[in-house]
Amino acid sequence: MMQALRSFLNENDVLAYLTMMANRLLELHRVLKITGSLYLHCDPTASHYLKFVLDAVFGKENFRNEIAWKRTYSHGSAHKWGDVHDTIFFYTKSGDYTWNKITQDYDDSYLETKYRFTDAHGTYRLVVLTGMGTSQGDSGKPWRGYNPTEAGRHWTVPQRALNALISEGVAVPPTLLDQLELLYQHDYIRFPKKADGSTGVPEFKLYLGEGAPIQDVITDIPPINSQAAERLGYPTQKPIALLERIIRASSNIGDIVLDPFCGCGTAVHAAQKLGRAWSGIDITHLAISLIEKRLKGAFPGIKFEVVGTPTDFDGARDLADRDKYQFQWWACSLVDAQPYQGKKKGADTGIDGLIFFEDEKGSAKRVIVSVKGGENVGVSMLKDLIATVQREKAAVGLFVTLTKPTRPMTIEAASAGFYESPMGVSYPRIQILTVEGLMNGSERPAYPLSQSGGLTFKRTKVEVRNTRQAGLFEARRVASDLASLPLSAFVPPPKHNEDAET
C-alpha cells in the first residue's frame, strides 16, 4: 500500500507523514488486545489517504465508522465551503470488540416538535404500531377490529414498553396479540379517531428515554473557545467531553487506554476520570510537563510515573548534549515557567521562559527565565539577562544553569538589587538557580505566589479528591514495546464510580 501511495503522491510531506503513521499503526495494531479499538483523529487534508493505510493494517472488515466532529464554529470561505469538521476513524482489531451503548442529549428543537405529549408515565411521542409488509403469523392477524394485512402491513411490538412493564413486575405473555392487549390495558397504545368517526391506524406511546444513541456526526460537543475553563493553550487541544464519549463507548472500567500522541493530555485526563488505566506518550518534554501539571491539578494526590525525562543530574546533562531546545523546555518546567515564543524553536531573544504573577490586584508581573545548558557560563551571560529584564520591564530574572555559577556571577547578580513587593517583601532581582539544586529541592525561585507557580498555567478543575492508587499496572509491557517514542507516563485505575461527579 505504501509503495502504491509513493507512486501516486511522489516523495513529499504527505508521504512522509503517512510513512510515519504506517509504522506506528503497525505497532499499535500489534499491542492492541483482541477486543480493543483504535480511534484516529485527523483533518480532511490527509484523512482519505490515512484510510487506505488503516484498511491495510487493520483490514477493511474492521472499519466501523468515519466520525465527523464539528471542530469549529461556522465561518466563511472565499472560494469553497466552510471547513468546520475533522475526521475520527474508528477501527477494531476484530469483530469481537468492546462496545457500550452511549447516549447523548436530544436536540431541543427535536424534543419540541416530536415529544409533545405528557401523561403519568412521562413525556412521549406517538408512533405507528405497524411496519411495512405483510406477515402470515400472529403479526398479520386482526386485533381489536384492525387488520394490518389489509393495509399491507404487520404489527410491531414496542419492546421498550414491554421492558418497562417487566421492570414493574408485570408478567408478559408469550404471544404477540396478547402482548398488544397487555400494552393496551396499561395505556401504552391508543386508537385515534378519523374525522368521519372511524378508527385510524393504532399508535403506541414512545416515551422519552435516557437520550439519543450516539451518531457518527458529532455536533453537540463544541470546540474549546478562547474563554473555556478547560483551555490550557495547547494548539490541538480537544474537548474532554469528546474523549470521554469515545472512552465510555469502547472500554470498561479497569481497561487500558493508550494515547501515543498525547499532547496536553486530554485522553489520559478522561481515562483517569472514568476509572481506566492509561499510558500516554509524547515526544516533547513540553507536553509531558504540561500533562503532569494538569493531572496533579485535576486529581490531587494522584501517583504516576514519568519515564524518559531526566531523573538525575547526569540525565539532565545528557539531554542538554542531545537537544538544547528539549533541555530548555524541560528546565523551564523545573521552575513552572511557560516556554517562550509560542513554544517553538526560534531565534535567541534572551528569553527562554516566562512566569506571571499578580503582586497587587489587577497588576500582572513577569519573571523572565534564561536557561543555559553549556559548560561555559560567565558574567557576560548574566549581564545579558539583566539587560533583558530591564528592557522587558520584568520584575525578576531567573538564570537556570547546568553548570555551577562562578563567584563573579553571584556578585553581578547581587548588584542588580531587589524587586520590592507592595506586600512589603523584597526579592532578588536576578536569581541564579542550578539544575542540580532544582532537582534535589535545595534551590527554588523566589517571587510573589512562587509557592503556587504564579499565574503561568491555568488551573485545572479538580475532578476527583483523594484518589487512591495501588501500584503500577501491566502497561509497562505496552510502553516497552513502544520504546521508540521516548516519553511515557503510567497510572493505575482509581477506585471510584465512573458516573460520580465531584
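Could you rank the peptides 271-283, 431-443 by their average count of other C-beta atoms within 10 Å per residue, with the highest value first?
Numbers: 271-283: 23.8, 431-443: 17.1.
Packing order, densest peptide first, comes out as 271-283, 431-443.
What length, rounded to one decimal in nm, is gained on full extension from S7 through to F313, with 0.36 nm per residue of separation minus their alpha-carbon distance? Mind dumping the intermediate values first?
Values: separation 306, 0.36 × 306 = 110.16 nm, distance 4.84 nm.
Gain on extension, S7 to F313, equals 105.3 nm.
Just order 115-127, 30-42 by mean Cβ neighbour count inside 10 Å, highest at the front, would you? The partial results should precede the final answer.
Values: 115-127: 13.0, 30-42: 17.2.
Peptide ranking by packing, descending: 30-42, 115-127.
Taking a label point 7 Å from the Cα of R116 along the Cα→Cβ vector, which residues of region 123-148 have an amide N closer than 19 Å to it?
Residues 123-129 qualify, since their backbone N sits under 19 Å from the label point.
When averaged across all projection directions, what area in nm² does the alpha-carbon convex hull of region 379-439 cover?
Details: hull surface 18.1 nm².
Taking the Cα atoms of region 379-439, their convex hull projects to 4.5 nm² on average.
Starting from the Cα of A56, step 7 Å along the direction of its Cβ; do the same at D96; then give the gap between the two resulting points in nm.
2.9 nm
Tally the DSSP beta bridges in region 337-452 and give the antiparallel ones as a percent, rounded to 5. Walk me through the intermediate numbers first.
Values: 12 of 23 bridges.
Bridges in region 337-452 that DSSP calls antiparallel: roughly 50 percent.
Under 1.5 on a/c is rounded, so check that first for region 1-101, then, if it is not, pick prolate when a/b is larger than b/c and oblate when it is not; a ≥ b ≥ c are the square roots of the alpha carbon gyration tensor eigenvalues.
Oblate is the answer for region 1-101, as a/c is 1.5 or above yet b/c matches or exceeds a/b.
Need one word for region 108-210: rounded, prolate or oblate. Basis is the Cα gyration tensor (sqrt eigenvalues a ≥ b ≥ c); a/c below 1.5 gives rounded, then a/b vs b/c decides.
Oblate.
Given a cut-off of 19 Å, name the pairs among K273/K293; K383/K404; K365/K393; K273/K296; K70/K238; K114/K194 whose C-alpha atoms lie farther apart than that in the structure shown. Each step should come with its number before you reach the end.
Working: K273/K293 15 Å; K383/K404 17 Å; K365/K393 9 Å; K273/K296 12 Å; K70/K238 11 Å; K114/K194 21 Å.
Those over the limit are K114/K194.
Could you tell me the calculated FRET efficiency between T349 and M439, based on Cβ-Cβ distance and R0 = 22 angstrom, to the nearest 0.05?
0.25
Go through region 353-421 and name the trypsin sites (Lys or Arg not before Pro) that are in a DSSP coil and have 12 or fewer other Cβ atoms within 10 Å of their Cβ.
Values: sites: K361, K365, R366, K372, K383, R391, K393; in loops: K361, K393.
Sparse-neighbourhood loop trypsin sites (Lys or Arg not before Pro): K361, K393.
Tell me the GluC sites (Glu not before Pro) within region 9-89 that lie in a loop according to DSSP and have at most 16 other beta-carbon atoms within 10 Å.
For GluC sites (Glu not before Pro) across region 9-89 that sit outside H, G, I, E and B with at most 16 neighbouring Cβ atoms in 10 Å, the list reads E11.
With contacts defined as alpha carbon pairs under 8 Å and 6 or more residues apart, what's the relative contact order of region 1-101 in percent?
Reported relative contact order: 35 percent.
Label-point separation (nm) for Y325 and Q159, each offset 7 Å from Cα along Cα-to-Cβ?
5.5 nm
Can you give the FRET efficiency to the nearest 0.05 for V306 and K70, using r as the Cβ-Cβ distance and R₀ = 51 Å?
It comes to 0.90.
Throughout, read-outs are computed from the coordinates displayed, never taken from laboratory work. What you see is a predicted model; the values in this text were computed from it and never measured. In this analysis, Cβ positions are derived from the backbone assuming ideal geometry, glycine residues included, and neighbour counts consider all displayed protein chains.
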